[in-house]
Structure formats: structure tokens, C-alpha cells
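The values are calculated or read from the model by the stated rules, or taken from the named source; none is laboratory data. All values reported here derive from a predicted model rather than from experimental measurement. Note that each Cβ is placed from the backbone with ideal geometry, even for glycine, and that neighbours are counted across all protein chains shown.
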């Protein structure tokens, strides 16, 4: 975003202002001439809020004395607002206004949240006087200097909405020093508008300084006006805006990232959250095991060994795929406390991926077809198989440890060759670059340094060799300065955050904790913090989903469950010093993942919601318990990319983290939050600490194990409060404090 300080200081004529729209000029003229009619005033902490009616809009003007402010267009009213009436506020509202204008009746509700992070929420609803076509609505937010001049306010938008992710605009108003603000448009509330107008909020929040905020989506003109009106006489929400304020305008990368997470966490607490459902991930895992073993489309043999197909009956065996499935099966095997024969089968052929000349794991087997460039490797593809080898090695697998340590030096040499700034793709034999960057700014795979650091920390744990710790530090140090461009691929960014936190624990250097916040801010920048009901999205969940890549059009199962596993590690390493907003966002991401991920499975979706004719990789088989790769926030058909057999690991990861066996007890325990510690204070009691955020609830289920009848339970909190449960099918459900110490007795 261009800083406005490039404009003339005091232009003699408005026409000399480059890059400023008529909306900016009209607002400036109205404020200069004091032409607006004040309707009401509100106070929010040290902020004064003036509600005024202008020529074509109702405005909420937020000022911090002597430090400038913001003008929020609370309602667009062509022809003027007429007589603005005060109505009785509904629960939680500070003010409710209503007025009639040329297009119909508008109702505007103001809510004030005077928490540690002050939040203003403004919700606007329109009841059209006629079936209303919407060819254009203006953006709604303008920074102001101390003289209420938007053309003199200096600042910068640090992060704006990408694609169909959440409607964020995170910006700093530095001259005057108003501070930092997170603008959030709650698209969940606006689903009826999108449905009526047949539009999607793709990149709707952004703009060019000083005209930013929300540009309501309208149908493309294409030579004729839109033909899908808002219905006459039916009230429709057309805006639901949250403004979260922080007085600090400074632009230091780490402070700015933490500030973004703090503001986002504050907004999150004030959202109406969609409900989640309980899902039987154990049954899903067992079905996935059966299909991996028995479905001809799932595996293939080479060199006498069994390998996993990446997609249904398609693509060549791949080390990332093999190890992702293998490590997930091992997690499930450890959880079941019994051997799973597939683990040994899939592990037997791992060494065929190892190149003894280069001394590294290859992506493909030596006999890969001529249609593949066997020497081409994406930068992250070198390290992700090593991460899973490291997981197996730390679990005690000697063959995995040998492969891991035999490959480690090549990985280090590659990091040194690229100076910890990896390209998109290169030739593994000589490290010549095939594709350098993902965009015109020269950015490659910007978060590979995070997963590389995690691998180095695994090596340090396995060997106690300080050079690996030094490598991890050097790699994380090289990720500084990327701000909100750090995220390339969601799960890599998640593992980078986990690496930073572990580095902080090992070195006690706070700079690494701060850098963890930079990774997480970039991760949540790509987050869909809204529940879409557009198109086929009404049949699945997307709330808190993250797009697979920084610019991907879809959420993907593999990145979902791999990020879940990384955040489990982060939360278990975290402790009380981690920012409460970070704990909130990570634990809630993981809670919703347990629900959202279920809908990647074809049998969980209506048949017509799955692509069948134009699948990029082979086909989708609804009878197989493997997830499709892709779900779309804008409601496109699922599975256009294909059905991920390498996504089979999701069920094993979710089952082994969310379900807990209780020795010598006739039940299992399910919880949608991580258990950080547990003990048995008595023969028929279990006590455990949950890792969620203060003020949130966790779903706790006690499930019948085998055919035994469930006993009578007593569930109490650390304070001694008894929690009442209710029976649902074959389980008893409780809602307990997400950060609580819980005791179950039977």
C-alpha cells in the first residue's frame, strides 16, 4: 500500500491529489465544512465515537484525542439519511439507529466491548423498498489526521484479505499516532446477502490508502447490470464490522505480529462461533487402514516392496507420501498399543528412496517414469520426509534414525547453498534453480526455513551435537523481515512456529518466542474465520480453515492435519509465558479441525457436491475412506484436485490425539482439546489438565469401550464444581473449562 505522504502537503486544488477517489474528497469536504448532523456520541476507553449523518452515509467517526482517528461508513444512504431515529437497543447493544432512505429502511446497531482490547462492532441491515439491484457500494473506512483530513493521514496496511479468507485489514496510522487497528468484516453474518446477489467476498476487504475496508461484492457488469436483487421487504445484513484498537503504531515486525494476534484473538472472542459435531475418528481410522490394505487403488509394488499411491490409482510412489502415511500409522499403532502390519510393510521399502551417491532421500524411486523429472525437487519436499523420519527415529526406530542421519548433511549443504532462502524448485543433483520465485517480488518458499529448523532440532535431540542447534538458529534468524509474507504453505509455517518455540525453550532467548508469533501471524492471515453457506459449502464446514498455500483457492486436508500435529507440539511446549491470544487461536483451530476435516471424506458429502467429470488427479471413489484434497470456501464442488491417499494419515492423527484409553476402565475419553498431563488419583478416578484458553469450553465425551455398559460418572473441576452431562447415543457429553483441571470418577 502506498503511503499518503507522497501526496502534496497542502494542495491548492483538489484536482492535484493523485490517487484519491471522489469518496475521499466528499468525506473531507463534509468534515471540513462541519456539514454532518451529529446523531449520538459514544465512548470506548480513550476513544470518542461520534455518530453523524452525512450527505449519503451514516458515519461513525472514532477519534483518539490529539492522535487522529477513523471514519467508518456505518451505512450507505443514497440521497441522504432523512430522519435518523433512535430505537430500543437489543441485548448487548449500546445504540440502535434506524432511518429511511431512497433504497429502503436501514437499521444500524452499535456494540462496545471495553475489554483489554477495545472493540467497536457495527452491524447494518437493509430492508429494501423494492427488489433492489446492487451495482455498486463504496468502501467503508478512512483514516483521519488530527484535522479530520483523510488525505493527510500517514500509515500503512500491513495485511489485507487474501482470496476468500477472513475479511481482515490490519493497518497502522502513524502520523498522527492513532495506533494499530484490526478491521474485521464478519462474512458469516452476510451469507444471505451473498446468496441473494449471487456474489462471493473474494478479496473484498483491502483497498488503497486512504480508502480501505470492505467493498461489498457486486455482480460483474459485463455490459449489463446485475439481475439478482436483494428481496423487497426482507431485512438483510449488508455489513457486520469489528474494529479492534491498539494505541501502539510502531512497525517493528515481532511487536506487530504479536499485536495482530492479540487483536485477532479479541475479535474471535466476540464472534458467534458455529457449533461443532462429534465424529468417530477411530472408526474412520480403522476404515482407512482396511482400505490402505485391501483397495487395489491404494498401493502399488516396486522392487518387491509396497508403496502408497499419492492419489487413487495414480501418481508414482513418493517419499513424502510414504513417510507421511507411515508416521501417522505409527502414532496410531502406539495409541492402540498393538502392532499394525501395514507399518512394517510400508517401512520396508523406504531405503529405495535413498540416493547413496548424493546421500539424501529422493522424492521418487529410481524407476520413476520418463514423464517425471526425477531430479526436480520442491524445496520443502527435501525436508518434510526428514521430519517424519525424525519423528520415527525419536520414537526409537533404528532404521529411520540411520536414514535420517545419513540424509542430514545433504540437507544442511542445501541450506548453506541457498543461504537459508530457498527457491520454489531446484535440481537435486547440482542444486541449479528450476523455479526461483512464486511472484514478481522474488519470493521463493519463504517458510521452508521453519521446517528445516524443526528437522535440525530433531537431529540435536537425537545426537546432542551443537552444530544442529546452530543450524536451527541460523535458519530461524534468516526468516526475519518477511512480516506477513512469511507463509508459503500452511503446514510448513505451523512447523516453523513449533521450531521457534522449541528454540526458545532450549536457548531461553525471547527473540525466538517473538519469531514464533511472526510465523503464527502469517499463518492466521490466511485463515477463513467465517462459515460459508455459498454453493456446496453449505454441506461442509470451513470455519478457521487455512488455504493450503499463500495464494491457493482451496483448503486442503494434508495441510490441515499436519498443522494440527504441529500445533499440538507447540501447545505442549508452550507454558504460561505464551500470549493468551495465541493459545486461544491455536486451541480453537485444532478444535474446529476435528470437525471440519470430517467433510473432506466423500461419504460425508452429498454425491452432487463432489467433482466427477474434471478431476485433475485420477478420480474420486466415494467407497474409499480417503479424503479429497480440496474444499472451497466459495462453494465449488469438492475433490477437483483429487482424492488424497496420502491424506489417510489424518484419521490416525486425529484419533490418536483426541481419544484416550483409560486403563482398567470400561470407557474411553474423547476431548476436542489436548490433554497436557494426567494422573490417577484413585483406582476409579482420572485427573487431567486441558491445554485450551481461559473462558472457552471443551467438549468432553465418555464413550463405551466394547460392549460394557457405561458406569455412573462424576465430573468435577479443580474448584470442586460438578459438571452435568447428557447422554447422546452411546456416549455421555460434558462441557468443561478448556483450560481446566478436570477429574472424572466412576
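Is it the case that the range 312-321 has a residue that's assigned to a strand (DSSP E or B) and in the same structural domain as residue 372 (by TED's automatic domain parsing)?
Of the residues in the range 312-321, the ones assigned to a strand (DSSP E or B) are 314, 318.
Narrowing further to those that are in the same structural domain as residue 372 (by TED's automatic domain parsing): 314, 318.
Yes - at least one qualifying residue is present in the range 312-321.
Listed residues 141, 126; which is more than 30 Å from the chain's Cα centre (by Cα) and assigned by TED's automatic domain parsing to the domain that holds residue 176? If you could, list the steps in order and put the result at the bottom.
Working: 141 fails: more than 30 Å from the chain's Cα centre (by Cα).
Being more than 30 Å from the chain's Cα centre (by Cα) and assigned by TED's automatic domain parsing to the domain that holds residue 176 holds for just one of 141, 126, which is 126.
Being crowded, with 22+ Cβ neighbours inside 10 Å, in contact with a strand residue (DSSP E or B) (Cβ under 9 Å, 6 or more places away or on another chain) and either over 25 Å from residue 500 (Cα atoms) or not assigned by TED's automatic domain parsing to the domain that holds residue 688 (or both) is the requirement here; does residue 591 meet it?
yes
Among residues belonging to the range 675-709 that are touching a strand residue (DSSP E or B) at 6+ places or on another chain (Cβ under 7 Å) and in a loop (DSSP other than H, G, I, E, B), point out the one that is modelled with the lowest pLDDT.
So, considering only residues that are touching a strand residue (DSSP E or B) at 6+ places or on another chain (Cβ under 7 Å) and in a loop (DSSP other than H, G, I, E, B), the one modelled with the lowest pLDDT is 705.
Considering only residues of the range 662-674 that are more than 27 Å from the chain's Cα centre (by Cα) and not in a strand (DSSP E or B), which is surrounded by the most Cβ atoms within 10 Å (Cβ to Cβ)?
665
Select from the range 322-361 the residues that are part of a helix (DSSP H, G or I) and more than 34 Å from the chain's Cα centre (by Cα) and list them in ascending order. Explain how you work it out, then say what you get.
Applying the first criterion (part of a helix (DSSP H, G or I)) to the range 322-361 yields 322-336, 341-348, 350-353.
Hits for the range 322-361 are 341, 344, 345, 348, 351, 352.
Out of (1) on the phi < 0 side of the Ramachandran plot; (2) without any contact (Cβ under 8 Å) to a residue 60 or more places away in the chain; (3) out of contact with any strand residue (DSSP E or B) (no Cβ under 8 Å at 6 or more places or on another chain), the odd one out for residue 196 is which?
Tallying (1) on the phi < 0 side of the Ramachandran plot; (2) without any contact (Cβ under 8 Å) to a residue 60 or more places away in the chain; (3) out of contact with any strand residue (DSSP E or B) (no Cβ under 8 Å at 6 or more places or on another chain), residue 196 fails exactly one: (3).
For residue 327, are the conditions met, namely being within 14 Å of residue 392 (Cα to Cα) and surrounded by fewer than 19 Cβ atoms within 10 Å (Cβ to Cβ)?
On the way: within 14 Å of residue 392 (Cα to Cα): yes; surrounded by fewer than 19 Cβ atoms within 10 Å (Cβ to Cβ): no.
Spelling it out, it is not the case that residue 327 is within 14 Å of residue 392 (Cα to Cα) and surrounded by fewer than 19 Cβ atoms within 10 Å (Cβ to Cβ).
Please find, within the range 284-311, the residue that is farthest from the chain's Cα centre (by Cα) out of those that are within 19 Å of residue 642 (Cβ to Cβ) and assigned to a loop (DSSP other than H, G, I, E, B).
296
Residues that are modelled with pLDDT of 95 or more, in contact with a helix residue (DSSP H, G or I) (Cβ under 8 Å, 6 or more places away or on another chain) and in the same structural domain as residue 91 (by TED's automatic domain parsing), at least 3 per element: which strands (runs of 3 or more DSSP E) completely within the range 180-283 meet that? Quick ask: steps written out before the conclusion?
Details: elements: 205-208, 211-214, 236-246.
Because the criterion is at least 3 residues that are modelled with pLDDT of 95 or more, in contact with a helix residue (DSSP H, G or I) (Cβ under 8 Å, 6 or more places away or on another chain) and in the same structural domain as residue 91 (by TED's automatic domain parsing), the strands (runs of 3 or more DSSP E) in the range 180-283 that meet it are 236-246.
Within the range 183-218, count every residue that is over 16 Å from residue 73 (Cβ atoms) and surrounded by 24 or more Cβ atoms within 10 Å (Cβ to Cβ).
Number satisfying all stated conditions: 2.
Residues checked against (1) closer than 30 Å to residue 187 by Cα; (2) surrounded by fewer than 19 Cβ atoms within 10 Å (Cβ to Cβ):
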| residue | (1), (2) |
| --- | --- |
| 263 | yes, no |
| 273 | yes, yes |
| 282 | no, no |
| 290 | no, yes |
| 293 | no, yes |
| 299 | no, no |
| 309 | no, no |
| 320 | no, no |
| 334 | no, yes |
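Quick check on the range 609-623. Is at least one of its residues in contact (Cβ under 8 Å) with a residue 40 or more places away in the chain, part of a helix (DSSP H, G or I) and buried (at least 16 other Cβ atoms within 10 Å of the Cβ)?
Start the filter on the range 609-623 by keeping residues that are in contact (Cβ under 8 Å) with a residue 40 or more places away in the chain, which leaves 609, 617-621.
Narrowing further to those that are part of a helix (DSSP H, G or I): 609.
Checking which are buried (at least 16 other Cβ atoms within 10 Å of the Cβ) leaves us with 609.
Yes - at least one qualifying residue is present in the range 609-623.
Criterion first (part of a loop (DSSP other than H, G, I, E, B), within 28 Å of residue 253 (Cβ to Cβ) and in the same structural domain as residue 55 (by TED's automatic domain parsing)) does residue 172 satisfy it?
Values: part of a loop (DSSP other than H, G, I, E, B): no; within 28 Å of residue 253 (Cβ to Cβ): yes; in the same structural domain as residue 55 (by TED's automatic domain parsing): yes.
So residue 172 fails the test.
I need a count of the residues in the range 449-466 that are surrounded by fewer than 13 Cβ atoms within 10 Å (Cβ to Cβ) and in a helix (DSSP H, G or I).
Final tally of qualifying residues: 1.
With respect to residue 164, determine if the residue is farther than 19 Å from residue 237 by Cβ and either touching a residue at least 40 places away in the same chain (Cβ under 8 Å) or part of a loop (DSSP other than H, G, I, E, B) (or both).
On the way: farther than 19 Å from residue 237 by Cβ: no; either touching a residue at least 40 places away in the same chain (Cβ under 8 Å) or part of a loop (DSSP other than H, G, I, E, B) (or both): yes.
Here the answer is no, as residue 164 does not meet what is asked.
Within the range 147-156, is there a residue that is over 22 Å from residue 274 (Cβ atoms), part of a strand (DSSP E or B) and within 20 Å of the chain's Cα centre (by Cα)? Let's see the steps before the verdict.
Start the filter on the range 147-156 by keeping residues that are over 22 Å from residue 274 (Cβ atoms), which leaves 147-156.
Restricting the remaining residues to those that are part of a strand (DSSP E or B) gives 154-156.
Filter once more, so that each one left must be within 20 Å of the chain's Cα centre (by Cα): none.
Looking through the range 147-156, none of the residues is over 22 Å from residue 274 (Cβ atoms), part of a strand (DSSP E or B) and within 20 Å of the chain's Cα centre (by Cα).
For the range 343-368, which positions are out of contact with any strand residue (DSSP E or B) (no Cβ under 8 Å at 6 or more places or on another chain) and either modelled with pLDDT under 95 or over 20 Å from residue 314 (Cα atoms) (or both)?
So the first thing to find is which residues in the range 343-368 are out of contact with any strand residue (DSSP E or B) (no Cβ under 8 Å at 6 or more places or on another chain), and the list is 343-344, 347, 350-351, 356-359, 366, 368.
343, 344, 347, 351, 356, 357, 358, 359 - these are the residues of the range 343-368 that are out of contact with any strand residue (DSSP E or B) (no Cβ under 8 Å at 6 or more places or on another chain) and either modelled with pLDDT under 95 or over 20 Å from residue 314 (Cα atoms) (or both).
Condition test on residue 522, is it assigned to a helix (DSSP H, G or I) and crowded, with 24+ Cβ neighbours inside 10 Å? Step through it out loud before you land on a result.
Details: assigned to a helix (DSSP H, G or I): yes; crowded, with 24+ Cβ neighbours inside 10 Å: yes.
Here the answer is yes, as residue 522 does meet what is asked.
Could we say that residue 453 is assigned by TED's automatic domain parsing to the domain that holds residue 522, within 19 Å of residue 486 (Cβ to Cβ) and out of contact with any helix residue (DSSP H, G or I) (no Cβ under 8 Å at 6 or more places or on another chain) here? Quick ask: steps written out before the conclusion?
Working: assigned by TED's automatic domain parsing to the domain that holds residue 522: yes; within 19 Å of residue 486 (Cβ to Cβ): yes; out of contact with any helix residue (DSSP H, G or I) (no Cβ under 8 Å at 6 or more places or on another chain): no.
No; evaluated as a whole, the condition is false for this residue.
Can you find a residue in the range 629-649 that is in a loop (DSSP other than H, G, I, E, B), closer than 23 Å to residue 719 by Cα and out of contact with any strand residue (DSSP E or B) (no Cβ under 9 Å at 6 or more places or on another chain)? First the steps, then the outcome.
At the first step, the residues of the range 629-649 found to be in a loop (DSSP other than H, G, I, E, B) are 629, 632-637, 639-641, 645.
Restricting the remaining residues to those that are closer than 23 Å to residue 719 by Cα gives none.
Among the residues of the range 629-649, not one is in a loop (DSSP other than H, G, I, E, B), closer than 23 Å to residue 719 by Cα and out of contact with any strand residue (DSSP E or B) (no Cβ under 9 Å at 6 or more places or on another chain), which makes the answer no.
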